[in-house]
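All remarks here apply to the structure that follows.
The values are calculated or read from the model by the stated rules, or taken from the named source; none is laboratory data. Since the model is a prediction, treat every value here as computed from it, not as a measurement. Note that each Cβ is placed from the backbone with ideal geometry, even for glycine, and that neighbours are counted across all protein chains shown.
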Amino acid sequence: MEWLKAEIVVETAGKGFYPITREIREVMGNWQVREGLLHLFIPHTSASLVINESYDPSARQDLETFLDRLAPEGEVWHRHTAEGRDDSPSHMRAVLTTTSLSIPVDGGNLSLGTWQGVYLAEHRARSHRRRVLIRCLKAE
């Protein structure tokens with residue numbers, strides 16, 4: 001077994017879902033992993049990682065709308081607003097999603113479903129530079 005480590009950086013342009021499957025596959029290709037377990041972690045409290053449909057863009061738009069409805073900005077009961085109206089809701093959205101994902105690697109491929117893709121979910125209105133830590137336990 002071998003433990004491999006890398007990091008990708010995603011420049012966001014504000015709230016939304018940013019596809020990162022291609023970047024992850026590039027890292028995996030450089031490592032030439034045939035069998036193993038890939039682990040992703042985002043060390044931020046106002047962004048998260050999501051696996052969801054990657055074929056039809058309307059699915060991504062619906063997810064964005066869904067999170068906006070669950071955790072809207074500017075509610076009168078929000079206390080954590082030091083960085084703006086999106087401060088508290090961005091943390092709520094991160095709690096509703098996740099900061100880490102594990103994906104099996106089989107035959108050199110990420111074992112994602114036919115329509116699945118990996119996204120970085122940016123929950124803040126302004127742009128950010130987000131880090132995604134990539135770790136892989138290589139079984140070969």
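Being modelled with pLDDT under 95, surrounded by 12 or more Cβ atoms within 10 Å (Cβ to Cβ) and out of contact with any Leu (no Cβ under 8 Å at 6 or more places or on another chain) is true of Glu73.
When residues of region 90-121 are filtered for being touching a helix residue (DSSP H, G or I) at 6+ places or on another chain (Cβ under 9 Å) and under 17 Å from Arg22 (Cβ atoms), how many remain?
Of the residues in region 90-121, 12 are touching a helix residue (DSSP H, G or I) at 6+ places or on another chain (Cβ under 9 Å) and under 17 Å from Arg22 (Cβ atoms).
As for region 102-111, it holds no residue that is closer than 17 Å to Gly14 by Cβ and either among the hydroxyl-bearing types (Ser, Thr, Tyr) or over 14 Å from the mean Cα position of the chain (by Cα) (or both). Within region 10-26, is there a residue that is among the charged types (D, E, K, R), closer than 26 Å to Ser88 by Cα and assigned to a helix (DSSP H, G or I)? Looking through region 10-26, none of the residues is among the charged types (D, E, K, R), closer than 26 Å to Ser88 by Cα and assigned to a helix (DSSP H, G or I). Of a type in the set (Asp, Glu), more than 11 Å from Ser48 (Cα to Cα) and surrounded by 15 or more Cβ atoms within 10 Å (Cβ to Cβ): does that describe Asp86? Spelling it out, Asp86 is indeed of a type in the set (Asp, Glu), more than 11 Å from Ser48 (Cα to Cα) and surrounded by 15 or more Cβ atoms within 10 Å (Cβ to Cβ). Among the residues of region 58-69, some residue qualifies, meaning at least one is in contact with a strand residue (DSSP E or B) (Cβ under 9 Å, 6 or more places away or on another chain), surrounded by fewer than 16 Cβ atoms within 10 Å (Cβ to Cβ) and among the hydrophobic types (A, V, I, L, M, F, W, C). Within region 15-45, can you find the residues that are basic (Lys, Arg) and either in contact (Cβ under 8 Å) with a residue 24 or more places away in the chain or under 14 Å from Val105 (Cα atoms) (or both)? Across region 15-45, the qualifying residues are Lys15, Arg25, Arg34.
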